[in-house]
Amino acid sequence: MGGVVTQSSSVRESELSPPRLRTRERRARVLELLDGKEFVSVKELADEFGLTEMSVRRDLSAMVAEGLITRVRGGAGRPAHTPTSRQYAEAAQRNAEAKFKIARRAATLLDHASVVFFYSGSTVARVAASLDASAQTSLTVVTNSLPIIDDVSAWGDPHLVAVGGLYLPAYMAFVGPQAVAAFEGVSADVAVLGCDGLSADGGLTTPHQLVAEVGATIVRRATRKVVVADSSKVGRRGFTPIAPIEDIDVLVTDDGADPTEVARLRDTGLEVIVV
């Protein structure tokens, strides 16, 4: 009899709990809510989805990284900046699950850093979005990425240096002489960089020369360089070089990366972390 009572009680609790939505469905619902008002709170979303507030904050940070929302204290608001370009949005969605895994692992590599450079790119933005409360209170973030600026500015007590310059909507980032000069004037313990391509013989590359110029400056001014790149980038040679592979310390990628190219990268002395 006792087993029957326990089972029916469990069923009643299940019926009373909100149905769990998939990540994509939750984010679509957030956008629906914001379509009707300017602000939605973390508590409201936690109640709506039957999730912890911490889980909701992770969702919101990922949406900021994709340029879909703006983080504000206690919740989320409509984007205050230029709408996300199609190119950036499409890049953010490609291999999204792999990028989340890469970002979570890369965030753990910043534990002992005081100052971190964050380059442009959706995977780099996800690393910033993956930082825990302890990192948010201890790190000084220097970045030219608008999604990262939006995300970090909503932290409780952010230490943020926002780098300006010529704005490129497709990259949602600031570039040009102003951005280069700003990075030249400071130093960092760690730089987190993305790329369009990474290979043992071609190094780190990107399609845009002004983006590459900023990346090259970041590499020069940081002590330790961590590259986050999903497997589609590994082995690819892009248009403009950012830095040779010898200037990079760590690559974090996913298990879809070509094993032969991973072996070649490791032969150069690069530490490759596969998630």
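No lab work stands behind these numbers, since they all come straight from the coordinates. Everything numeric in this text was worked out from a predicted model, so none of it was measured. Every residue, glycine as well, gets a Cβ built from its backbone with ideal geometry; the counts of neighbours run over all protein chains shown.
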Item to complete: Using only Cα positions of the range 86-274, each an equal point scatterer, no hydration layer, compute I(q)/I(0) via Debye at q = 0.08, 0.09, 0.15, 0.19 Å⁻¹ and quote the log10 values to two decimals.
Response: -0.21, -0.27, -0.80, -1.36
Worksheet item: Based on the Cβ-Cβ distance from Asp111 to Lys37, what FRET efficiency comes out when R0 is 35 Å, to the nearest 0.05?
Response: 0.35
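How would Met63, Met172 line up from fewest to most surrounding beta-carbon atoms within 10 angstrom? List each step's numbers first, then the result.
Working: Met63 24, Met172 30.
Final ranking by Cβ density, sparse to dense: Met63, Met172.
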Fill in: Viscosity 0.890 mPa s, temperature 25 °C, Stokes-Einstein D of the range 199-275 from Kirkwood C-alpha radius, µm²/s
197
Worksheet entry | Convex hull per residue volume in Å³, alpha carbons only, for the range 77-147 | 102
Worksheet item: If you line up the long axis of helix 53-65 against the longest principal axis of the chain, both from Cα atoms, how many degrees apart are they, to the nearest 10?
Response: 40
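Can you tell me the dipole magnitude for the chain around its Cα centre, using point charges on the Cβ only (Lys, Arg +1; Asp, Glu -1), in Debye to the nearest 20? Spell out each step's value before the answer.
Values: 30 positive and 34 negative charges, 60 e Å.
My answer is approximately 280 debye.
Sort the following peptides by mean Cβ neighbour count (other Cβ atoms within 10 Å, averaged over residues), highest first: 233-246, 118-131, 29-42. Before the final figure, lay out the partial values.
Numbers: 233-246: 18.1, 118-131: 28.4, 29-42: 14.6.
The peptides rank, most packed first, as 118-131, 233-246, 29-42.
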Worksheet, complete the sentence: Stretched fully, the stretch from Leu160 through Ile273 gains (0.36 nm per residue minus C-alpha distance, one decimal, in nm) 37.9 nm
Discussion item. Can you give me the angle between helix 2-16 and the longest principal axis of the chain, using Cα atoms only, in degrees from 0 to 90, rounded to the nearest 10?
Written reply: 60
